[in-house]
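For reference, the structure discussed in these notes is given below.
The values are calculated or read from the model by the stated rules, or taken from the named source; none is laboratory data. Keep in mind that this is a model prediction, so the values were computed, not measured. Heads up, the Cβs are rebuilt from the backbone with ideal geometry, glycines too, and the neighbour counts pull from every protein chain shown.
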Amino acid sequence: METAHIRDYRGKRIHLIGIGGSSMSGLAEMLITEGYRVSGSDRDEGYLIHHVREKGGEVMIGHRAENVRGADLVVYSAAIHPDNPERMEADRLGIPSIERAELLGQLMDGYDRAVGICGAHGKTTVTSMLSQILMEAGKDPSVHIGGRLDAIGGSVRVGGSDLFVAEACEYNRSFLHMHPRMAVVLNIDADHLDCYRDLDEIEDTFGIFLHQLPDDGIAIGNGDDPRVRRQINRLKCRKVFFGSDGENDWYPERIEEDGEGYATFNVMHCGRKAARLKMGVPGDFNRMNALAAFAAAVELGVLPSEAAASLERFTGAHRRFERTDVIDGVEIFHDYGHNPTEMRNALSIARKRCHGRLWAVMQPHTFSRVRTLFDQYLTCTEAADYTLVTDICAAREADPGDLNSGMLVDGMRENGIDAFWTPTFDDTEAYLRSHWQSGDLVLTMGCGDINLLNDQIHRHQLQREQDKEGGSQL
């Protein structure tokens, strides 16, 4: 059967199953902006759903067969299995269906200068950096980000130029549905081992994605990552590398860093200074992210001075080391990092900022990820003074019954980490409030719903203050 194409359904009803996901909610907003009628469903009332409703989308909570009736096209995320009642009903009624990644690829196909940003870590940040640079340089891009960026007013933007910038995710080989003219490869690392055999297969799949670039396209890659360099060197198209030294086309020199990890450095291009850049976000890994965005922006026609000025103003996407509160003299942050490398990176920033004790609050994400990266989880929070671990967020998976957060905590303690199992958000908040002290920093980490813990703490604090004010008036 020939795959349905979104351009044939303009003005018609598109139903998205799993509409509350970071990518799906953004695609829903983009479709509404482009004149499609959008409905959708999700298992729970996620925090992104209200943005879809604000744009005019109809969202139902719970997956039921009747939700899909009357739709002209169904889009489902990779987390939605074939036995989902809405997918089954769509099949029964003969309603065409496509997967989320196919939809994103089809939307991108209409743009002459499509940019796909891929890698195990940093996709959202680099896509956000590049999008903000292009916006402020007057390039008017269309954008799809797996997060929310104030500079574009959300997670998507429909522009008026031939530029489309999007994250290209390797999960379930989704990025193979995309055919960009520019690819930016940040790193190749072990993740999503529920759908890949091993790291070598992940690398091979990145290679397949890169070989979809046209001969007159461009590949921009992290030259410090041997897997990235190996795959890009096999291409016929133009190649540009960024990295830590002069072995790359783009690299930093004269690095200065303040006490909280914010760097200032010369951006060098082939031995010449292109700009002096003062970072608006901290961390060594963000310096590399900035180099990737800088290189891509210049290739897209942005002046180096414009790119540097924009990156200085870039303060991060939401859920990326985002401060959510200060309570009792304690700074509270949230970060989307959900595998050991990302958590370690986020904690490296927190450690430099924290002048008291550092609390790592981890929500492990999916049983398959915890199982395959188990040993790495046991030491990834070693920069913290204390680690709290909530129950595993199952997301798209069923509980296998032989793995839980208590096993992680036991392993952490054996590695010298002061770790505690606080299964629920209520347990975690209670433990934090009874132990934190002024000057401490709390960092919650995970890509599930752990951000709702920050919301809960904020909400309860407001209630406490209101109760206190009410009591003082009696």
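N415 - would you say it is without any contact (Cβ under 8 Å) to a residue 24 or more places away in the chain and either under 29 Å from D198 (Cα atoms) or β-branched (V, I, T) (or both)?
Answer is no for this residue.
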(request) Starting from residues that are over 26 Å from the mean Cα position of the chain (by Cα) and modelled with pLDDT under 95, keep the ones in the stretch 247-262 and report whichever is surrounded by the fewest Cβ atoms within 10 Å (Cβ to Cβ). (result) G259
(request) Mind listing whichever residues of the stretch 47-59 are closer than 16 Å to K12 by Cβ and surrounded by 22 or more Cβ atoms within 10 Å (Cβ to Cβ)? (result) G57
(message) On the basis of being in contact with a helix residue (DSSP H, G or I) (Cβ under 6 Å, 6 or more places away or on another chain), at pLDDT 95 or above and not in a helix (DSSP H, G or I), does T444 make the cut?
(response) yes
(request) For the stretch 336-345, enumerate the residues that are modelled with pLDDT of 90 or more and farther than 17 Å from M407 by Cβ. (result) M343, R344
(request) Keeping to the stretch 19-49, report how many residues are among the charged types (D, E, K, R) and over 21 Å from H81 (Cα atoms). (result) 3
(message) Looking at the stretch 413-422, can you tell me whether even one residue there is among the aliphatic types (A, V, I, L, M), in contact with a Phe, Trp or Tyr (Cβ under 6 Å, 6 or more places away or on another chain) and either within 20 Å of R353 (Cα to Cα) or not in a loop (DSSP other than H, G, I, E, B) (or both)?
(response) no
(message) Test of understanding: among L103, L16, which residue is modelled with pLDDT of 90 or more, closer than 24 Å to E397 by Cβ and assigned to a strand (DSSP E or B)?
(response) L16
(request) Identify the residue in the stretch 123-147 that is touching a residue at least 24 places away in the same chain (Cβ under 8 Å) and part of a strand (DSSP E or B) and, among all such residues, is nearest to V302 (Cα to Cα). (result) S142
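From the set of residues in the stretch 176-196 that are assigned to a loop (DSSP other than H, G, I, E, B) and modelled with pLDDT of 90 or more, which is surrounded by the most Cβ atoms within 10 Å (Cβ to Cβ)?
Taking the candidates together, the pick is P180.
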(message) Here is a check on your reading of the model: is R254 basic (K, R) and part of a helix (DSSP H, G or I)?
(response) no
(request) Within the stretch 148-175, track down each residue that is of a type outside the set (S, T, N, Q) and either assigned to a helix (DSSP H, G or I) or at positive phi (or both). (result) D150, A151, I152, G153, G154, Y171, R173, F175
(request) Give the residues of the stretch 82-113 that are surrounded by 24 or more Cβ atoms within 10 Å (Cβ to Cβ) and either more than 19 Å from the chain's Cα centre (by Cα) or among the hydroxyl-bearing types (S, T, Y) (or both), sorted by residue number. (result) E86
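Okay, residues lined up against (1) in the same structural domain as R353 (by TED's automatic domain parsing); (2) assigned to a strand (DSSP E or B); (3) at pLDDT below 95:
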site	(1), (2), (3)
I220	no, yes, no
R227	no, no, no
I232	no, no, no
R276	no, yes, no
V281	no, no, yes
A295	no, no, no
(message) Among the listed residues D402, D410, identify the single one that is free of Cβ contacts under 8 Å to residues at least 12 places away in the same chain and either of a type in the set (K, R) or part of a helix (DSSP H, G or I) (or both).
(response) D410
(request) Might you let me know whether the stretch 356-378 holds any residue that is farther than 28 Å from S22 by Cβ, surrounded by 21 or more Cβ atoms within 10 Å (Cβ to Cβ) and modelled with pLDDT of 95 or more? (result) no
(request) Please determine, by comparing only the residues of the stretch 200-218 that are touching a helix residue (DSSP H, G or I) at 6+ places or on another chain (Cβ under 8 Å) and among the hydrophobic types (A, V, I, L, M, F, W, C), which one is surrounded by the most Cβ atoms within 10 Å (Cβ to Cβ). (result) F206
(request) Have a look at N266, N248 and point out the one that is part of a loop (DSSP other than H, G, I, E, B), touching a residue at least 12 places away in the same chain (Cβ under 8 Å) and assigned by TED's automatic domain parsing to the domain that holds K123. (result) N248
(request) Being touching a helix residue (DSSP H, G or I) at 6+ places or on another chain (Cβ under 7 Å) and either assigned to a strand (DSSP E or B) or not assigned by TED's automatic domain parsing to the domain that holds A419 (or both) is the filter here, so list the residues in the stretch 347-368 that pass it. (result) L358, W359, A360, V361, M362
(message) Any residue at all in the stretch 227-247 that's of a type in the set (S, T, Y) and in contact with a strand residue (DSSP E or B) (Cβ under 9 Å, 6 or more places away or on another chain)?
(response) yes
(request) Just give me the residues in the stretch 60-81 being surrounded by 15 or more Cβ atoms within 10 Å (Cβ to Cβ) and part of a loop (DSSP other than H, G, I, E, B), in sequence order. (result) H63, A71, D72, S77, A78, A79, I80
(message) I'm trying to understand the selection: among the residues of the stretch 170-205, which are among the hydrophobic types (A, V, I, L, M, F, W, C) and farther than 20 Å from A295 by Cα?
(response) F175, L176, M178, A190, L193, C195, L199, I202
